[in-house]
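The values are calculated or read from the model by the stated rules, or taken from the named source; none is laboratory data. Small disclaimer: the values here were computed from a predicted structure and weren't measured. In this analysis, Cβ positions are derived from the backbone assuming ideal geometry, glycine residues included, and neighbour counts consider all displayed protein chains. These area figures cover heavy atoms from the full protein model, side chains too; ligands, DNA and RNA do not enter into them. Shrake-Rupley method; radii C 1.70, N 1.55, O 1.52, S 1.80 Å.
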Amino acid sequence: MSYNHQHDDDGSEAEPNNNDAAITRPSILHKCADFDMESVRFLNLSNCRIRTLHEDVTLCVNLVELNLSNNALENIDLLGKLEQVEMLDISSNKITTIDPLVTMSRLSNLKLAGNLIQSVECLKCLQNLKKVRISDQLLHLSNPICRPDTGYPQSVVAQLNQIIELDGLRVRGVGSTFYHLVNQIEKESVDVEQGGDDTATPIQTRYHHHHNNTNGGDWFRLDGQLDVTSSAVSLEGLRGRLSAAKRNFEALLKESHRICEKKN
């Protein structure tokens, strides 16, 4: 199962040619217009078709922001030596584990969408980490950890107590009302579809998981076939849950309007 694709500027899929020269000392200095590696604070190496990190990148000891997105990286062990980095973008690569990042104690913003990551538990020790992007629906980028059977995104929110933003949504503190309302509506919608408690069985809904290999995104479709036995379903209970969902949806709309007005 593929979760990401790289593309050239003309929209065609990029060839996975190795371009490790893009991260050697001469090329980094040329790209940043600096005279020494210690002066490099911002480094953008996205779309360079890099497969392997070069030891020279660790000479950027004062690096604050690093963008390695849209390459072909699998091993990121050397990134653990860049302890001053605060913003790291390694989205759209072939990374399976992010364990080397545990030494990056200053990291506050991390972008991981479009890889092969199945766990982010190692990030618990990074107390300065506030923003994490694991899935990007606009770009159709995801990770195996985002599968519905993993309990995502609630599982990651519970696991990483320090983060305040996940996939562009505030999950804690001011502005998190939107996220919690969405989760509540989804939960109540599932309750309605399942008919409430276990005794009111047969409302059966079939879900199918479709993976779009064209853009690497995950899509989920609801067939909507309901087998309803009226004698087994409490209509009053359904009405109550529908009313609660409606109230929460109205509150969701109010919150979204409030956020838009605040931005304007």
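In square angstrom, rounded to the nearest 10, how much accessible surface does R247 have for a 1.4 Å probe?
150 Å²
Quickly rank 82-88, 114-120, 30-36 as a protection proxy: mean count of other C-beta atoms within 10 Å, highest first.
Working: 82-88: 18.7, 114-120: 20.9, 30-36: 12.1.
Ranking, from highest mean packing down: 114-120, 82-88, 30-36.
For segment 17-111, just say rounded, prolate or oblate: build the C-alpha gyration tensor, square-root its eigenvalues into a ≥ b ≥ c, call rounded for a/c under 1.5, and beyond that prolate if a/b exceeds b/c, oblate if not. Before the final figure, lay out the partial values.
Numbers: a/c = 1.67, a/b = 1.09, b/c = 1.54.
Oblate.
Between E38 and H180, what is 0.36 nm times their sequence separation minus the Cα-Cα distance? Round to one decimal in nm.
Values: separation 142, 0.36 × 142 = 51.12 nm, distance 4.35 nm.
Working it through step by step, the gained length comes to 46.8 nm.
Expected output is a single nm value to one decimal: the length gained when fully extending between L253 and Q137, i.e. 0.36 nm times separation in residues minus the C-alpha distance. What is it?
On the way: separation 116, 0.36 × 116 = 41.76 nm, distance 2.06 nm.
Additional length available on full extension: 39.7 nm.
Please compute the Kirkwood hydrodynamic radius over segment 92-178, one decimal place, Å, based on all pairs of different Cα atoms. Before the final figure, lay out the partial values.
Numbers: mean 1/r = 0.0765 Å⁻¹.
When all Cα pairs of segment 92-178 are included, the Kirkwood radius is 13.1 Å.
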